[in-house]
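Take a look at the structure set out below.
The values are calculated or read from the model by the stated rules, or taken from the named source; none is laboratory data. The shown structure was predicted, so the numbers you read here are calculated from the model rather than taken from an experiment. Neighbour counts are summed over all protein chains in view; Cβ atoms, including those assigned to glycine, are modelled from backbone coordinates with ideal geometry. Each accessible area value is taken on the protein alone, full model and side chains, heavy atoms only, with ligands, DNA and RNA left out. Shrake-Rupley method; radii C 1.70, N 1.55, O 1.52, S 1.80 Å.
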Amino acid sequence: MAEAKALSELLAFFRARLEAFPAARIYHYAAYEITAQRRLTTKYGIGEAFLDRMLRERRFVDLFAVVRGGLIGSERNYSIKSMEAFYGRVREGEVKTAGGSVVAYERWRETGEQQILDEIEDYNRIDCISTEELRDWLVSIRPAGPWPTLAPDAGPKEAEEDADAQALRAALAGSGLPEDRQALLFNLGLFHKREAKPAQWAVFDSASKDEDDLLDDLDALAGLEAIGPIEPVKRSFARSYRFPLQETKLRPGKSATVPVFDGPPISVSITEMDRKRRQVTVRAGPGKDHLLGNRVNLHPDWPLDPKPILGALRYVIADQCGPRAWRAVDDLLSRAAPRLTTGPLMQVSDPVAGTITAVGAMDETVLPIQGPPGTGKTYVTARAILSLVRKGARVGVTSNSHEAIRNVLMGCLAALEDEDLPITLDLVHKTSGDDDGYPDDCPVRRTTSNDEAACGPHVVGATAWFFSRDENVQAFDWLFVDEAGQVGLANMVAMGRAARNIVLVGDPRQLPQVIQGAHPEPANLSCLDWMLGEHATVPPDRGIFLPVSRRMHPEVCRFISDQVYEGRLTSHPDTARQALRGTRFPEVGAFWVPVLHEGNAQIAAEEVEAIRAAVTDLLTGTWTEKDGTTRPLQATDIIVVAPYNAQVNALRDALPEAIRVGTVDKFQGQEAPVCLVSMTASSAEETSRGMEFLFSLNRINVAVSRAKGLALVFGALRLREAKCETVEQMRLVNTLCALNTPCSPPTVPSDAIPPALLATLKANKA
């Protein structure tokens with residue numbers, strides 16, 4: 001690919017210049033170039049260790065930071081085009097601005113004229129020359145003083161990182177495996193290292209900032225001044241501090257880092273925080289009391305070392321290069337159809353009985369079970385697990401979160417009670433030691449001991465850290481993976497050796513896995529995404545699709561089914577009774593409510609007011625449940641979803657307290673008679689996190705499918721007129737266009753918004 005080739009050539013140029021001139025630096029203006037190199041090196045697996053070496057040696061110099069921190073200028077902004085007035089550069093040519101280059105590129109795509117490309121190249125070449133001239137001008141005016149020094153040579157560290165990657169590549173090259181399998185295993189083997197990089201970079205970036213900049217950094221807590229002595233607490237040390245007024249994501253129970261002069265940052269924990277009094281208590285481990293100085297800045301936390309998971313992954317790779325003894329893992333990597341003792345998997349008519357039969361017939365293989373919203377994934381999973389326990393099998397239950405694991409274990413208890421089965425069920429949950437959320441007198445045993453969890457219970461719930469341990473290799477007959485659409489393929493491969501059979505339960509068409517780094521495909525996929533391949537729903541011969549939603553009215557379900565699930569999802573007949581009556585809105589269905597506004601990115605006052613007015617009207621209506629009972633609609637019957645935290649906060653200020661408001665990730669697994677969705681941005685061009693985020697089919701699916709009866713999506717008119725550049729973007733916009741419009745577009749002028757609400761919105765927007 002041209003992009004990968006260009007990256008390789010750029011890094012080769014850097015290496016050659018630095019070898020010729022060991023004291024050289026690389027100058028740039030603003031963060032884009034560094035951000036792009038970080039993303040591309042991990043995306044293509046090219047020059048990762050070399051880029052890290054240059055970052056460690058502080059080779060890169062951001063002249064924008066120098067200008068912003070050291071100069072007060074007469075120009076209207078600090079763009080490099082504005083700064084050129086001070087060192088005499090005059091732009092010539094057709095393309096003179098970054099925006100102009102974008103327009104020119106679009107014109108070239110339409111015409112194919114080489115002259116346009118030449119003009120764009122000339123613009124970028126002049127940008128580089130201008131950066132050099134800016135650097136020389138800054139050197140000429142800087143006050144006398146010591147020049148910043150390079151950090152120590154990081155060549156040995158680069159060699160160490162490269163050696164690991166090269167050893168892995170060499171082992172795979174000599175394995176005789178097909179090239180595509182070699183590439184897959186190589187990228188899975190480096191997944192955790194690449195995934196840790198953004199968090200590590202964030203720590204180093206934060207540590208390089210001045211305290212004034214840290215006060216505006218939500219990931220840090222700056223300017224801590226001690227208000228008491230260092231006090232011993234068991235085997236650790238604690239100290240209390242006062243901090244200046246600032247917003248921060250750090251909170252009690254979380255960790256942060258404190259830089260040290262001669263090594264990597266060291267983690268400390270935040271045990272108490274009083275935001276009103278602006279006081280915080282910080283704890284450091286044994287021998288780390290020197291970190292708790294009189295004045296401290298807290299930076300983002302260093303990523304956890306996934307040592308047992310990474311070790312298990314390397315063992316699996318070694319097995320793949322040799323005997324390939326773990327058949328279920330091999331089926332996972334091969335994306336093989338389930339291998340059953342009864343023959344090929346057939347389409348099941350009864351989800352519960354069919355799943356129990358298929359799971360029981362698994363022959364050291366992988367079985368995907370895709371369950372769209374409200375289709376009873378936990379119900380089916382629990383009964384399949386109990387059927388295996390009755391046969392004497394030992395079952396593991398895993399997921400990314402302890403909450404999901406707890407949900408499955410509690411489902412097993414409920415199934416045991418519903419079915420009145422004559423079996424004794426020993427359930428153990430290996431937890432992290434925090435509040436586990438179980439009810440009092442719950443028979444699920446909880447432990448923080450790996451040894452206790454490994455000793456004999458019928459069903460063990462734990463995360464990848466437990467199932468990747470060497471003592472658990474082939475210790476389980478079945479491993480059920482809940483929310484498998486969010487469990488990364490690399491983690492699943494590491495856990496896979498723990499069991500002879502793997503059942504992947506989830507839905508990759510709901511919220512995807514959360515990853516921080518850029519990874520080559522398919523290392524960036526969840527295990528269930530990987531198994532489905534290009535299919536939106538799992539084919540009948542390759543897995544089980546749960547086809548009946550017991551949540552959504554048929555009109556809501558029809559929209560979700562057509563847009564997301566290839567028309568395979570239907571509603572249970574009882575849901576047809578669900579309806580909202582007595583309001584100006586339709587009784588049931590999924591609808592688009594257009595709202596007139598312009599220039600909004602993360603806060604839309606007009607949508608806040610439209611939703612507030614809609615809630616007022618909705619609360620005058622009645623709600624009929626699937627059993628036919630009717631009651632007044634209550635505030636707790638309404639969920640409100642927005643894409644950005646700023647809009648969430650504005651909506652919370654405007655709506656009754658009992659209404660649930662949040663981003664879509666807060667509501668997975670929840671439901672309500674009515675769901676209201678705020679799209680917020682005025683146009684695709686004004687989306688702060690890109691069109692793919694705002695229009696994400698997964699997010700629209702999760703948001704709308706919360707509704708049992710009525711879903712209303714509020715958005716600006718221009719959103720459904722977005723310019724698309726790819727077929728995928730067309731699909732995203734078409735989803736919004738598929739929503740019916742229940743009424744004419746409401747205009748919400750600013751003078752119709754209550755003054756107090758308008759003032760709050762303006763303050764938040766500012």
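Can you bin segment 542-599 into rounded, prolate or oblate? Criterion: square roots of the alpha carbon gyration tensor eigenvalues sorted a ≥ b ≥ c, rounded for a/c under 1.5, prolate for a/b above b/c, oblate for the rest.
It is oblate, given that a/c is not under 1.5 and a/b is not larger than b/c.
Give the value in nm², to one decimal: projected area of the alpha carbon convex hull of segment 282-416, averaged over all directions.
Value for segment 282-416: 14.0 nm².
Name the lysines eligible as straight-distance cross-link partners of residue 197: C-alpha to C-alpha under 16 Å, and not fewer than 8 places from it in the same chain.
43, 157, 307
Could the peptides 674-687, 627-640 be put in order, highest first, of the mean number of other beta-carbon atoms found within 10 Å of their residues?
Packing proxy ranking, top to bottom: 674-687, 627-640.
Could you run the Karplus curve 6.51 cos²θ - 1.76 cosθ + 1.60 with θ = phi - 60° over segment 219-224 and give me ³J(HN,Hα) per residue in whole Hz, x for Gly and Pro?
8, 10, 9, 10, x, 5
Using mean Cβ contacts within 10 Å as the protection proxy, how do 707-715, 664-672 order, highest first?
707-715, 664-672
List the residues whose amide H sits under 5 Å from the amide H of residue 660, counting only those 5 or more places along or on another chain, with H placed 1.01 Å from N in the peptide plane.
Distant-sequence amide H within range of residue 660: 638, 640.
Whenever you get a sec, line up 234, 626, 307, 254 from highest to lowest accessible area (probe 1.4 Å, protein heavy atoms).
Ranked list, largest accessible area first: 234, 307, 254, 626.
With charges only on Cβ, +1 for K and R and -1 for D and E, what is the dipole size of segment 90-243 about its Cα centre, in debye, rounded to 20?
On the way: 18 positive and 32 negative charges, 189 e Å.
Computed charge dipole of segment 90-243: roughly 900 debye.
Principal axis extents for segment 491-587, Cα atoms only, whole Å, descending order, please.
That works out to 55, 30, 23 Å along the principal axes.
What shape does segment 273-353 have by the C-alpha gyration tensor, where a ≥ b ≥ c are the square roots of the eigenvalues, rounded means a/c under 1.5, and otherwise prolate means a/b greater than b/c and oblate the rest? Display every interim value, and only then the final one.
Values: a/c = 5.69, a/b = 2.26, b/c = 2.51.
Oblate shape, in that a/c is at least 1.5 and b/c is the bigger or equal ratio.
Would you please calculate the Kirkwood hydrodynamic radius of segment 1-158 over all C-alpha pairs and express it in Å, rounded to one decimal? Intermediate results must be reported in sequence, preceding the final value.
Details: mean 1/r = 0.0562 Å⁻¹.
Computed over segment 1-158, the radius equals 17.8 Å.
Hey, if you put +1 on the Cβ of every Lys and Arg and -1 on every Asp and Glu Cβ in the chain, which of 595, 79, 624 ends up farthest toward the positive end of that dipole?
So the residue furthest toward the plus end is 624.
Over segment 111-179, what per residue volume does the convex hull of the Cα atoms give, in whole Å³? Could the numbers behind the result be given before it?
Working: hull volume 10.3 nm³, N = 69.
It comes to 150 Å³ per residue, whole-number rounded.
Once you treat every alpha carbon in segment 526-669 as an equal point and sum by Debye, what is log10 I(q)/I(0) at q = 0.10, 0.15 Å⁻¹?
-0.46, -0.96
May I have the pair-distance distribution P(r) for segment 602-689, computed from all Cα-Cα distances with 10 Å bins from 0 and rounded to whole percent?
17, 47, 27, 8, 1
If you take the Cα Rg of segment 568-615 and divide it by 2.2 N^0.38 Å, with N the number of residues, what do you get?
1.61
Taking amide H positions as placed in the peptide plane 1.01 Å from N, state which residues far from residue 596 in sequence (5 or more) or on other chains have amide H under 5 Å from it.
748
Starting from the 7 Å offset along Cα-to-Cβ, what nm value, one decimal, do you get for the label separation of residue 163 and residue 401?
Placing both labels 7 Å beyond Cα along the Cβ direction yields 4.2 nm.
How long, wide and thick is segment 512-555, going by the Cα atoms along their three principal axes, in whole angstroms, largest first?
Extents along the principal axes: 39, 25, 13 Å.
Under the 0.36 nm per residue contour assumption, what length would be gained going from the current alpha-carbon distance of residue 117 and residue 438 to full extension?
Details: separation 321, 0.36 × 321 = 115.56 nm, distance 6.29 nm.
Answer, rounded to one decimal: 109.3 nm.
Could you work out [θ]222 nm for the chain from helices alone, using -39500 (n - 2.57) per DSSP H run of at least four and dividing by all its residues? Round to the nearest 500 deg cm²/dmol. Walk me through the intermediate numbers first.
On the way: 27 runs with 306 residues, N = 766.
Result for the chain: -12000 deg cm²/dmol, rounded to the nearest 500.
Can you give the convex hull volume per residue for the Cα atoms of segment 620-666, as a whole number of Å³?
Numbers: hull volume 4.0 nm³, N = 47.
Convex hull volume per residue, Cα atoms: 85 Å³.
Give the whole-number value, in cubic angstrom per residue, of the convex hull volume spanned by the C-alpha atoms of the chain.
Value for the chain: 207 Å³ per residue.
Would you mind working out the magnitude of the charge dipole of segment 435-550 relative to its Cα centre, with +1 at each Lys and Arg C-beta and -1 at each Asp and Glu C-beta, to the nearest 20 Debye? It would help to have the intermediate numbers written out before the result.
Working: 8 positive and 16 negative charges, 60 e Å.
It works out to roughly 300 debye.
Highest first, please rank the peptides 541-554, 324-337, 124-137, 18-31 by the mean number of other Cβ atoms sitting within 10 Å of their residues.
Descending mean neighbour count gives 541-554, 324-337, 124-137, 18-31.
Extension gain residue 341-residue 364, at 0.36 nm per residue separation less the Cα-Cα distance, in nm? Could the numbers behind the result be given before it?
Numbers: separation 23, 0.36 × 23 = 8.28 nm, distance 0.98 nm.
7.3 nm is the gain from fully extending residue 341 to residue 364.
With each label point set 7 Å from Cα along the Cα-Cβ vector, what nm distance links residue 289 and residue 734?
6.8
Can you give the Rg/Rh ratio of segment 641-690, where Rg is from the C-alpha atoms and Rh is the Kirkwood radius?
0.98
With unit charges on the beta carbon (Lys/Arg positive, Asp/Glu negative), name the residue among 129, 174, 191 whose Cα is farthest towards the positive pole of the charge dipole of segment 86-199.
In segment 86-199, that residue is 191.
Roughly how compact is segment 384-504, stated as its Cα Rg over 2.2 N^0.38 Å to two decimals?
0.98
On a full-extension model of 0.36 nm per residue, what is the gain between residue 76 and residue 25, subtracting their alpha-carbon distance, rounded to one decimal in nm? Numbers along the way, then the final one.
Numbers: separation 51, 0.36 × 51 = 18.36 nm, distance 2.91 nm.
Value of the extension gain: 15.4 nm.
Provide the percentage of antiparallel DSSP beta bridges, counting only those with both residues in the chain; round to the nearest 5.
Values: 33 of 84 bridges.
Within the chain, antiparallel bridges account for around 40 percent of the total.
Work out the length of the dipole vector of the chain about its Cα centre, built from +1 on the beta-carbon of each Lys and Arg and -1 on the beta-carbon of each Asp and Glu, and round it to the nearest 20 debye.
Its charge dipole is roughly 980 debye.
Rank 535, 458 by accessible area, highest first, at a 1.4 Å probe radius?
535, 458
Considering the options 530, 428, 100, tell which one lies farthest towards the positive end of the dipole of the chain, charges being +1 on Lys and Arg and -1 on Asp and Glu at the Cβ, about the Cα centre.
With unit charges placed on the Cβ atoms, the residue in question is 428.
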